[in-house]
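Right, one structure below, let's go through it.
The values are calculated or read from the model by the stated rules, or taken from the named source; none is laboratory data. Please read all numbers here as calculations on a predicted model, not as lab measurements. Glycine gets a Cβ as well: all are built from the backbone with ideal geometry, and neighbour counts include every protein chain shown. Remember, those area values only see protein heavy atoms, side chains included, never the ligands or the DNA or RNA. Shrake-Rupley method; radii C 1.70, N 1.55, O 1.52, S 1.80 Å.
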Amino acid sequence: MKLCVTPLTGSIGAAVGGVRLDEPLDDRTLKALRSAFADHCMLVFRDQYVKPLAQIEFARLWGEPVVTEMLNPLDGHPEIFQVANVKKETTATEAWHYDGSFTAAPPKITMLSAITTPVGGDTMWSNQYLAYERLSPALRDTLNGLKVRFSGIRLGRMLNVAEEDTPTAVHPLVRTHPETGRKALFVGHRENACIDGWTRQESEPLLEFLYRNSVTPDNVYRHAWREGDLVMWDNRCTMHYAIHGYGTQERVLNRITLRGEVPA
Ligand SMILES: O=C(O)CCC(=O)C(=O)O
Ligand SMILES: [Fe+2]
């Protein structure tokens with residue numbers, strides 16, 4: 001089998017074929033995957049059907065799986081959280097977000113393996129390097145001095161966590177990727193984020209502009225899930241959005257996140 005990397009859009013994402021993720025990967029293949037991941041920010045592997053243990057083993061090639069606070073693990077596999085039976089009324093992921101932005105060191109990578117897929121229920125990703133690079137040099141200069149306070153308020157609401165117990169963290173609005181050295185915009189939904197030291201009234205218009213400007217259709221890949229897919233994304237240079245358009249149909253994805261660095 002020969003590894004085959006095909007870009008999915010002009011801005012983000014690549015499909016990878018010619019590899020089985022539940023078999024040992026040689027150094028050359030792994031190097032090519034790392035390079036594709038750095039270039040495309042998220043990778044799609046079709047027809048993998050990885051079992052939990054194989055998903056954990058593959059994840060370990062990229063970092064250390066974390067057990068996410070506030071989320072219940074899959075039986076017998078504390079590294080895996082099962083995304084399942086999320087109601088539209090209470091979903092926290094139907095908004096553009098970074099995973100764990102309200103923690104001191106958000107995960108660097110998230111991996112989802114599709115177990116049961118409905119009609120609908122696509123997920124979208126945006127390229128936050130490009131979201132930054134396409135701003136004017138003057139605005140980029142201004143943003144480089146700013147920090148954002150992120151809070152887990154939407155997720156907390158879904159899990160019935162009291163507002164005063166909701167975790168928050170302050171991070172640079174522009175972060176530098178520790179591996180690629182590129183700068184990426186780190187913004188959040190206005191309910192979840194406020195420019196540090198600014199009033200909400202002052203912060204909202206700028207954050208809302210940056211947030212909306214990040215996710216214009218030319219900067220987004222939209223993935224229509226099929227059972228057996230494994231998708232992984234770099235949480236340091238992408239945002240994502242889970243579209244809840246599937247009513248009460250079943251949708252199950254096995255999720256692993258990998259320990260990240262403190263954003264700088
Ligand atoms: O359900 C999805 O497609 C993605 C949910 C999500 O935001 C996540 O797993 O981090
Ligand atoms: Fe997420």
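Which one is nearest to the chain's Cα centre (by Cα), of the residues in the range 232-264 that are modelled with pLDDT under 95 and small (Gly, Ala, Ser)?
Here the answer is Gly245.
Whether any residue in the range 123-141 is modelled with pLDDT under 95, out of contact with any strand residue (DSSP E or B) (no Cβ under 6 Å at 6 or more places or on another chain) and away from ligand 2 (no atom under 16 Å from the Cβ) is what I want to check.
No, the range 123-141 contains no residue that is modelled with pLDDT under 95, out of contact with any strand residue (DSSP E or B) (no Cβ under 6 Å at 6 or more places or on another chain) and away from ligand 2 (no atom under 16 Å from the Cβ).
Have a look at Ala38, Ala114 and point out the one that is outside any loop (DSSP other than H, G, I, E, B), in contact (Cβ under 8 Å) with a residue 40 or more places away in the chain and surrounded by fewer than 18 Cβ atoms within 10 Å (Cβ to Cβ).
Going through Ala38, Ala114 in turn, the sole match is Ala38.
I'm trying to understand the selection: among the residues of the range 85-95, which are open to solvent by 10 Å² or more (accessible area, probe 1.4 Å), over 24 Å from Gln55 (Cα atoms) and near ligand 1 (Cβ under 10 Å from one of its atoms)?
Residues satisfying the conditions are Thr91, Ala92, Glu94.
Within the range 121-140, count every residue that is within 11 Å of ligand 1 (Cβ to nearest atom) and not charged (D, E, K, R).
Adding up the residues that qualify gives 4.
For the range 1-19, what are the residues that are small (Gly, Ala, Ser) and open to solvent by less than 40 Å² (accessible area, probe 1.4 Å)?
Ser11, Gly13, Ala14, Ala15, Gly17, Gly18
Run Asn72 past the list (1) under 24 Å from Leu33 (Cα atoms); (2) free of Cβ contacts under 8 Å to residues at least 24 places away in the same chain; (3) of a type outside the set (Ser, Thr, Tyr); (4) within 16 Å of ligand 1 (Cβ to nearest atom) and report the number of the one that doesn't hold.
Against the list (1) under 24 Å from Leu33 (Cα atoms); (2) free of Cβ contacts under 8 Å to residues at least 24 places away in the same chain; (3) of a type outside the set (Ser, Thr, Tyr); (4) within 16 Å of ligand 1 (Cβ to nearest atom), Asn72 comes up short only on (1).
State all residues of the range 200-226 that are closer than 13 Å to Leu135 by Cβ and either modelled with pLDDT under 95 or touching a Leu at 6+ places or on another chain (Cβ under 8 Å) (or both); if no residue qualifies, say none.
Of everything in the range 200-226, those that are closer than 13 Å to Leu135 by Cβ and either modelled with pLDDT under 95 or touching a Leu at 6+ places or on another chain (Cβ under 8 Å) (or both) turn out to be Leu210, Asn213, Ser214, Asn219.
Among the residues of the range 186-229, which ones are aliphatic (A, V, I, L, M), open to solvent by less than 20 Å² (accessible area, probe 1.4 Å) and within 25 Å of His244 (Cβ to Cβ)?
Scanning the range 186-229 gives Val187, Ala193, Leu207, Leu210.
Do the conditions hold for Thr103, that is, is it open to solvent by 30 Å² or more (accessible area, probe 1.4 Å), within 25 Å of Asn144 (Cβ to Cβ) and either within 10 Å of ligand 1 (Cβ to nearest atom) or hydroxyl-bearing (Ser, Thr, Tyr) (or both)?
yes
Condition first: β-branched (Val, Ile, Thr), out of contact with any Ser or Thr (no Cβ under 7 Å at 6 or more places or on another chain) and either open to solvent by less than 60 Å² (accessible area, probe 1.4 Å) or in a strand (DSSP E or B) (or both). Now tell me which residues in the range 246-262 satisfy that.
Ile256
Within the range 51-108, take every residue that is among the β-branched types (Val, Ile, Thr) and assigned to a loop (DSSP other than H, G, I, E, B) and give me the one that is nearest to the chain's Cα centre (by Cα).
Result: Thr93.
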